[in-house]
1. Take D214 and tell me if it is out of contact with any strand residue (DSSP E or B) (no Cβ under 6 Å at 6 or more places or on another chain), of a type in the set (D, E) and at pLDDT 80 or above.
2. Which one of these is under 31 Å from the mean Cα position of the chain (by Cα), assigned to a helix (DSSP H, G or I) and either over 30 Å from E364 (Cβ atoms) or at pLDDT 90 or above (or both): P55, P90?
3. Filtering the range 1-48 down to residues that are outside any helix (DSSP H, G or I) and β-branched (V, I, T), which residue is farthest from T71 (Cα to Cα)?
4. If you take the residues in the range 305-314 that are surrounded by fewer than 16 Cβ atoms within 10 Å (Cβ to Cβ) and touching an Asp or Glu at 6+ places or on another chain (Cβ under 8 Å), which one is modelled with the lowest pLDDT?
5. When you check T71 against the structure, is it of a type in the set (V, I, T), buried (at least 19 other Cβ atoms within 10 Å of the Cβ) and touching a helix residue (DSSP H, G or I) at 6+ places or on another chain (Cβ under 7 Å), yes or no?
6. Hey, among the residues in the range 253-281 that are in a helix (DSSP H, G or I) and β-branched (V, I, T), which one's surrounded by the most Cβ atoms within 10 Å (Cβ to Cβ)?
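The values are calculated or read from the model by the stated rules, or taken from the named source; none is laboratory data. On a predicted model such as this, the values are computed, not experimentally measured, just so you know. Note: ideal-geometry Cβ built from the backbone for every residue, glycine included; neighbour counts use all protein chains shown.
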Amino acid sequence: MKKQELSQITRKTVIVYLIIIIVVTLTEFNLVTKHQELFLFSRLLALVLPAICLPLYQKNPFSLGAHILMTISFLIYNCLGYYFRPMYIPSFLHTLYTMSFLFFMPLKVFTILSTIMTIVFTASMFYFNDTLLYNPGEIVASDLIIVPLIGLAISNLIYYFFTKQRLSAEKDELKFLTIGRLSARAIHDIKGALNTPMLWAEEIVKLTRTNKTDQIIEITENMNSNLNALKKYLISLNELSKLKTNSQEKFKISQSIDEAQLILKNRLQSTQIELVGECEIEGYKNIFNSILINLINNSLDHKDALKNQEPLKIKIEASRQQIIYCDQVSDNYENFLKKYNSSLINKMETSSGLGIYFIQEACELINAQVQFKTEKQLLYTIIRFNAG
């Protein structure tokens, strides 16, 4: 399941929760005989916080800030709800189950937030127990402790045996989908790149008849350099199957650019690549190299599609927080983005590049966000690191 789909699940859950608050509030309002202003204020606050979370979850279903705001909303709704009306102990249990099933967060975050919720709700029940605005019936202290604790235990079991494994499986699925798309692009690139050593081999055969040793040595060195670059590229594809925390490394952006240029040497003969600034990145170097290769290839494909004979100029600005990749584009903003998003696989009609879809997925794997914009016939691809 992709990040966008996780966002949809969480946002739909929040919308259902908002509807429940509105319906329950309208139903209970006439039954609340005292402190109606406090009742309405608490419900309004419980509505506003999830509404703030909706755009946050749209950007990132794992947003810690949104998770905290939802936890506060759950507490306001259930703690003050228990003061005004009965049956909010089951409501509290429902929110715990909802958090464990439909809100996507790391185990540590879920454990902390669910434990805080349980402690605060249990304390509020003890605090309000003698001043409730209704007859709670025969509720004893053990009920106030055991029922929420059982709910906490069940919700953690649900999370451990369901959500944790599901998130792991979804990450693996995303990883292998990315590998598949990258491999499809790599096959195309390698097929094209292999034409160069084949032509060089034919040239060497011709030169051997003329005894031009210096030219033969030069061509042989170029062919060896090209084949070694392809070898490294293939090895990096193989390493993509090892996307683990301990496979991350520190590398400089200039190193990745040099490796990308070496692999694409044959296509970059009339291309100028300018690097402004420098930064060190910690992550999956092979994935970042693939993003750069894809961006450069897309620029070259776009230039070829326009039959532009002028040298291609690419500018890359690097800083600690972001990298800005800039090249020329002749279409206007709306038409360009429409064309750019027209296919999950093809960026241009004549290109077999992976396009925005691959770049976005690959950026997620290196904990970054990507944004595209055009200005004065220049296309800017902005990659921001440490995406929250």
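1. Taking the combined requirement at face value, the residue satisfies it.
2. Criteria check complete, one pass: P55.
3. So, considering only residues that are outside any helix (DSSP H, G or I) and β-branched (V, I, T), the one farthest from T71 (Cα to Cα) is T33.
4. A305
5. Yes, satisfied.
6. I263
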